[in-house]
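What follows is calculated from the coordinates using simple rules that are stated; it is not laboratory data. This one's a predicted model, so the numbers in the text were calculated from it and none came from an experiment. Here the Cβ is made from the backbone with ideal geometry for all residues, glycine too, and neighbour counts use every protein chain on show.
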Amino acid sequence: MRSEQRIPKLRTRGRENRRKLLAEARRLLLERKGQPVRFSEVFEAAGVSRGSAYRIYIGIDDLLQDLASDWMNSFVDYLEASRPDVAPESWGDVSDYFVVRAAEYWADTADTMRVLPRVRSNAPSSYTVAVQALSECLAGMFDRYFAMPDIPDWMARLSFYVQICDVAFSDAVRNEGRIGDQRQAEARALCRTYLEFHLPTWLPSR
């Protein structure tokens, strides 16, 4: 079992130890260019006792999956704190806004992004939950501006949409070290093209 049940129950000291463990895991992974690290190396570097570390995580894989999920959940907060300067005129504008904000967040967290592709490839349940949270945030953005039709499996469609953007940007960061204008344009086109299969051309505004 993962430690997903334990993390929400951590008290002040436990939350601080979790923060230290995540920070040191990120630092060590960056130093080693994403190569494996041992859990003992992380908790020793963080100055967290073995017992305290194992009360939070069951091992290195558990910690790394939490690192990926924490990054994704912070992205949800990042999106929810923002609004377009001008109300979108079409669902395509909402999609483009999401991709632009994603690119900004990826740029702000570029160091973490360089080590996350390896972590996320295991598709842990916590990462899946984080993708769902991001999909719900995106659904809320669409619903805020447009009267949305009943779309079969809409949340599943948005989860796949989120992962299209995720793969496009993580590939750019991994291979080029950044998300350039061309990569961002490609992501906008990919995301719009995917949504065209599921959304009508025009949606009534709210």
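In the chain, Cα pairs under 8 Å separated by at least six residues give a relative contact order of 23 percent. Computed from backbone phi with θ = phi - 60° and the Karplus coefficients 6.51, -1.76 and 1.60, the 3J(HN,Hα) list for region 174-183 is 5, 8, 10, x, 6, 10, x, 4, 5, 5 Hz; x is used for glycine and proline. In this structure, the amide hydrogen of F146, modeled 1.01 Å from its nitrogen in the peptide plane, lies closer than 5 angstrom to those of R206, counting only residues at least 5 positions away or on a different chain. Spin-label pair I58-E136: with each label point 7 Å from Cα along the Cα-Cβ axis, the two points sit 2.4 nm from one another.
Computed from Cα atoms, the angle from the helix 91-108 axis to the main principal axis of the chain rounds to 30 degrees.
What 222 nm value per residue comes from the helices of the chain, counting each DSSP H run with n ≥ 4 as -39,500 (n - 2.57) and dividing by all residues, nearest 500 deg cm²/dmol?
Helix contribution divided over all residues of the chain: -23500 deg cm²/dmol.
Fully extending the segment from H198 to A81 would add 39.4 nm, taking 0.36 nm per residue of separation and subtracting the current Cα-Cα distance. A Förster distance of 25 Å, applied to the separation of the beta-carbon atoms of V129 and V100, puts the FRET efficiency at 0.50.
How long is the gain from E89 to K33 if the chain were fully straight, where each residue apart is worth 0.36 nm and the alpha carbon distance is subtracted?
Working: separation 56, 0.36 × 56 = 20.16 nm, distance 4.27 nm.
The span from E89 to K33 would gain 15.9 nm if fully extended.
Taking only Cα atoms and a 10 Å spring cutoff, compute GNM fluctuations for the chain and point out the largest among N17, N175, N73. Most flexible of the set in this elastic network: N175.
Seen from S159, the other residues with C-beta closer than 13 Å to its C-beta sum to a net charge of -2, counting Lys and Arg as +1 and Asp and Glu as -1.
Ordering W91, W154, L21 by the projection of their Cα atoms onto the charge dipole of the chain, which places +1 on the Cβ of Lys and Arg and -1 on the Cβ of Asp and Glu, puts L21 at the extreme positive end. Between region 81-102 and region 155-182, the alpha-carbon centres lie 17 Å apart.
Could you size up the charge dipole of region 65-196 around its Cα centre, putting +1 on the beta carbon of Lys and Arg and -1 on that of Asp and Glu, and report it in debye to the nearest 20? If you can, show how the numbers build up before the last one.
Working: 12 positive and 21 negative charges, 74 e Å.
That gives a dipole near 360 debye.
Residues in region 78-89 carry Karplus couplings, in order, of 4, 5, 5, 8, 10, 9, x, 5, 10, 4, x, 8 Hz; the curve used is 6.51 cos²θ - 1.76 cosθ + 1.60 with θ = phi - 60°, and Gly or Pro positions show x. Whole-Hz Karplus values for region 152-168 come out as x, 6, 4, 5, 5, 4, 5, 4, 5, 4, 4, 6, 4, 5, 4, 5, 4 Hz, taken residue by residue from phi with 6.51 cos²θ - 1.76 cosθ + 1.60 and θ = phi - 60°; glycine and proline positions read x.
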